[in-house]
1. To one decimal place, what Kirkwood hydrodynamic radius in Å is obtained for the stretch 302-432 from all pairs of distinct Cα atoms?
2. Please work out whether the stretch 43-119 counts as rounded, prolate or oblate from its C-alpha gyration tensor, where a ≥ b ≥ c are the square roots of the eigenvalues and a/c under 1.5 means rounded, while otherwise a/b larger than b/c means prolate and anything else oblate?
3. The stretch 249-290: D in µm²/s via Stokes-Einstein (Kirkwood Rh, Cα pairs, 10 °C, 1.306 mPa s)?
4. What are the residues whose amide H is under 5 Å from the amide H of Asp279, where those residues sit 5 or more places off or on another chain and H is modelled from the backbone?
5. Have a look at the stretch 372-426 and give its Rg and Dmax from the Cα atoms, expressed in angstrom.
6. Taking amide H positions as placed in the peptide plane 1.01 Å from N, state which residues far from Thr289 in sequence (5 or more) or on other chains have amide H under 5 Å from it.
7. With θ set to phi - 60°, apply the Karplus curve 6.51 cos²θ - 1.76 cosθ + 1.60 along the stretch 340-349 and write out the HN-Hα couplings as whole Hz, x wherever there is a Gly or Pro.
8. Evaluated at 4 °C with a viscosity of 1.567 mPa s, what Stokes-Einstein diffusion coefficient in µm²/s does the stretch 395-447 have when Rh comes from the Kirkwood expression over alpha-carbon pairs?
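Just so you know, all these numbers are worked out from the coordinates, no wet-lab data involved. Computed from a prediction, not measured in an experiment: that's the story for all the values here. No Cβ is skipped: glycine too gets one built from the backbone with ideal geometry, and neighbour counts run over all protein chains shown.
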Amino acid sequence: MNKPFIPEDEVGILDSPVEVLSTLTREGERKWIYPTLERGRFYKPRLWLGWFLIVLFVALPLIPINGQPAVLIDFIHREFALFGLIFYPTDTLLLLLSMFGTIIGIFLFTALLGRVWCGWGCPQTVYMEFVFRPIERWLEGKEHVRKRRDEGPWTWDKIWRKSVKHSLYLLISLALAHVFVSYFVGWDNLIYWMQQSPREHWGFFVTMALTTGLILFDFGYFREQMCTIACPYARFQSVLIDPNSLIISYDENRGETRAKRSKKKIRDEEAGLIPMKGDCIDCFACVRTCPTGIDIRDGLQMECIGCTQCIDACDTIMDKISKPRGLIRYTSENELAGQTTRWWRTRTVLYTVLGLFVAVIFTGVLLSRSSYDVNVGRVVGAPFTELPDGRIANRLRFRVRNQQPYAATFTIEAVSPGEAEIRIVGVSPITLEPQEMKRTEAWIVTPRTSFTDDTVEGVFRLTFEDGTVEEVTFPLLGPSD
Ligand code: SF4
Ligand code: SF4
């Protein structure tokens, strides 16, 4: 393959025969990337989608559904709210199924669409390309200006531009960290804690500071390194995609032999006056725009995040030299080899069937999920108490969670042993607000004769006003004589 000449001050790619990452020098030092912006046909939809996702990220913890945020991962109370549905640690099967479903979905999506997620939906790309990089361009100018200034001495111009940029980055990182933390604690708690002294909620402030620092480090410094060396999804790509998967690729058959040439030379070639070359005019527009610093013409590479900028760059060049667009395009390895892309093949059919299977089971389990989660246990202290009349009293606690979006009232009665009497500590019937969990303590008073050895099985019935009846069992303890 031709080894192109790239002016050192124009592009940040490797022009060495030694194979190293595109963002590293031969000595292993970081090579800063200054990608150009190409506002082509894919840029606009990506921009719109990116901003839609940003707004969605901010809005989800704010939108109330059935009295809960649309999404809340509440580790403290061990609840997970998702669009009106509440999941608890007891919903192990549902959580496992949703995990399987997500994994199968990622497999299917990647087998069909390759790295569309990376280029269009991943927060790393969305925030980098549509929030942080535009601020940098606005304050520090175009790529070549930024590069020259970065390599130059620390002047007042450089200092104020970088200071303002990093201050804005800090503010945005702080805002994003607050939104991120709100997914775990909810906005009500967040706003309350923000008004308190850091000493009272130091855990919150440490988490917030760490999250802000990580976001700032990622978008201010780490950038494309996240995709090229840290992200595990990129590493799975090679096993998840196959020759039928959608990729962004340079059409070598059409582009080679690449050669720099003018419009006139191209016309001469087409008129048969001089030997014909490929459509690639070796202008490096596709390389200069690449946010990971690679040359797409070197073939499919792990560093390619599918951002479509090279398509937009090359289409612009093709328009200028009056050649058809699509020298770099969405395609598949099979299509490039002159074969048909097969969307439905063994792996995609298998993933779809498995995904549907998991979705059906998930729906079935969800619909058959009990409206109330009931759990019974013994109150800490003496295992039983002997009353003056000789009967035995066990103190139990009933933990009941209302998993319905409406309030519920219930009573508890002892079913077995037959002579058992239940004395609720507190008010009965008990009322639960939607999604509320309450602990109710009760004395279970049982004749001494009920016990075989030192135990007897207690059966308790909880009757809810909507007609639901839940029965739970728990061993009652008594004297062994
Ligand atoms: S090669 Fe093209 S699609 Fe891949 S990251 Fe670079 S510019 Fe984006
Ligand atoms: S932008 Fe197109 S024409 Fe220019 S170097 Fe890249 S592939 Fe070749």
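1. Kirkwood hydrodynamic radius for the stretch 302-432: 22.9 Å.
2. Note, shape of the stretch 43-119 comes out oblate.
3. Rounded, D is 146 µm²/s.
4. Gly255, Glu256
5. Cα-based Rg and Dmax for the stretch 372-426 come out at 13.9, 45 Å.
6. Thr36
7. Residue by residue, the stretch 340-349 yields 8, 6, 9, 5, 9, 9, 3, 5, 6, 5 Hz.
8. 109 µm²/s
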